[in-house]
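Chemist: Following this message is one structure expressed as structure tokens.
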Amino acid sequence: MSSPIIFKDRSDAGKKLSELLSEFKDTEAVVLALPRGGVIVGQEIARALNLPLDIIVTRKICAPGNNEYAIGAIDINGNGSWNESERAYVDKKWLAEKIVSEKKEAGRRWTTYRQGRSSLDLKNKTVIIVDDGIATGLTMQAAVAYVKNEGAVKVAVAV
């Protein structure tokens, strides 16, 4: 097993991760960062690889009473990735309301963060999805599913 890579901060993480992603330099790939923590990492990767940077918005669905523990995550269209064993024990009405609420917030962030940008065209593209960490993995799973649904042909995850 290789030694872990130690990062000084998010900017350093982006620089070091870009070295591992050098095969994508100067290609038609696009870097999509998960706000907020992934944006600084993604910016460094995009700069080093000479690729465009944009964002992707997912929202975690937290367990009732625990705002840190995700039982699922949705994209801006409301499509989700779930921990099915946790989802099975959650009140269905509460979950439906939570999905509506988080979808609305995802849409608000999408509009706010992408002000003035053209629509995101991922058809036949290679996409590098970037975040500053992974806990349950559900927000990243939702992001990967979203870009595949939007037509991406290859997806790399950099965390």
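The values are calculated or read from the model by the stated rules, or taken from the named source; none is laboratory data. Only a predicted model underlies this, so the values are computations on that prediction, with no experimental measurement involved. All Cβ positions, glycine included, derive from the backbone under ideal geometry; neighbour counts span all protein chains shown. Surface accessibility is based on the protein's heavy atoms, side chains included, excluding ligands, DNA and RNA. Shrake-Rupley method; radii C 1.70, N 1.55, O 1.52, S 1.80 Å.
Chemist: Of a type outside the set (A, V, I, L, M) and within 25 Å of GLU68 (Cα to Cα) - does that describe any residue in region 115-128?
Modeler: Just the residues of region 115-128 that are of a type outside the set (A, V, I, L, M), to begin with: 115-119, 121, 123-126.
So of that shortlist, the ones also within 25 Å of GLU68 (Cα to Cα) come out as none.
Within region 115-128, not a single residue is of a type outside the set (A, V, I, L, M) and within 25 Å of GLU68 (Cα to Cα).
Chemist: Oh, and also: Give me the pairs: first residue in region 96-114 and on the phi < 0 side of the Ramachandran plot, second residue among the acidic types (Asp, Glu), beta-carbon distance under 8 Å, and six or more apart or on different chains, which are they?
Modeler: Cβ pairs passing all conditions: ALA106/ASP75; ARG114/ASP54.
Chemist: How many of the residues in region 41-55 are over 20 Å from SER119 (Cα atoms) and under 13 Å from the mean Cα position of the chain (by Cα)?
Modeler: So the answer is 1.
Chemist: Next question, about the same structure. Consider ALA142 carefully, then state whether it is outside any helix (DSSP H, G or I), within 21 Å of ILE61 (Cα to Cα) and of a type in the set (A, V, I, L, M).
Modeler: no
Chemist: Could you list, in sequence order, the residues of region 43-62 that are within 10 Å of GLY14 (Cβ to Cβ), touching a helix residue (DSSP H, G or I) at 6+ places or on another chain (Cβ under 7 Å) and of a type outside the set (A, V, I, L, M)?
Modeler: GLN43, GLU44 - these are the residues of region 43-62 that are within 10 Å of GLY14 (Cβ to Cβ), touching a helix residue (DSSP H, G or I) at 6+ places or on another chain (Cβ under 7 Å) and of a type outside the set (A, V, I, L, M).
Chemist: Same structure again: How about region 43-78: which of its residues are assigned to a loop (DSSP other than H, G, I, E, B), open to solvent by 20 Å² or more (accessible area, probe 1.4 Å) and under 23 Å from SER22 (Cβ atoms)?
Modeler: ASN50, PRO52 - these are the residues of region 43-78 that are assigned to a loop (DSSP other than H, G, I, E, B), open to solvent by 20 Å² or more (accessible area, probe 1.4 Å) and under 23 Å from SER22 (Cβ atoms).
Chemist: Tell me, yes or no, whether region 130-137 has at least one residue that is closer than 13 Å to VAL30 by Cα and either open to solvent by 60 Å² or more (accessible area, probe 1.4 Å) or touching a helix residue (DSSP H, G or I) at 6+ places or on another chain (Cβ under 9 Å) (or both). It would help to see each step written out before you state the result.
Modeler: From region 130-137, those closer than 13 Å to VAL30 by Cα are 130; that's our starting set.
Next, only the ones that are either open to solvent by 60 Å² or more (accessible area, probe 1.4 Å) or touching a helix residue (DSSP H, G or I) at 6+ places or on another chain (Cβ under 9 Å) (or both) stay: 130.
Yes, there is a match, as at least one residue in region 130-137 is closer than 13 Å to VAL30 by Cα and either open to solvent by 60 Å² or more (accessible area, probe 1.4 Å) or touching a helix residue (DSSP H, G or I) at 6+ places or on another chain (Cβ under 9 Å) (or both).
Chemist: Being more than 25 Å from GLU23 (Cβ to Cβ), open to solvent by 90 Å² or more (accessible area, probe 1.4 Å) and not β-branched (Val, Ile, Thr) is the requirement here; does GLU97 meet it?
Modeler: So GLU97 fits the description; yes.
Chemist: Just the residues that are assigned to a loop (DSSP other than H, G, I, E, B) and either touching a residue at least 40 places away in the same chain (Cβ under 8 Å) or within 21 Å of THR111 (Cβ to Cβ) (or both), please, taken from region 9-42. Let's see the steps before the verdict.
Modeler: Within region 9-42, the first condition is being assigned to a loop (DSSP other than H, G, I, E, B), and the residues that meet it are 9, 21, 25-29, 34-36.
Listed by number, the residues that qualify are LEU21, THR27, GLU28, ALA29, LEU34, PRO35, ARG36.
Chemist: So ASN124 clears everything in (1) within 17 Å of THR58 (Cα to Cα); (2) surrounded by fewer than 18 Cβ atoms within 10 Å (Cβ to Cβ) except one condition, right? Which one?
Modeler: It is condition (1) that ASN124 fails.
Chemist: For SER119, indicate whether it is modelled with pLDDT under 95, of a type in the set (Gly, Ala, Ser), assigned to a helix (DSSP H, G or I) and open to solvent by 30 Å² or more (accessible area, probe 1.4 Å).
Modeler: Taking the combined requirement at face value, the residue does not satisfy it.
Chemist: Pairs only if they're at least six apart or on different chains, beta carbon under 6 angstrom, first in region 63-77 and closer than 22 Å to TRP110 by Cα, second aromatic (Phe, Trp, Tyr) and surrounded by 14 or more Cβ atoms within 10 Å (Cβ to Cβ); list them, first residue then second.
Modeler: GLY72/TRP82; ASP75/TYR146; ILE76/TRP110
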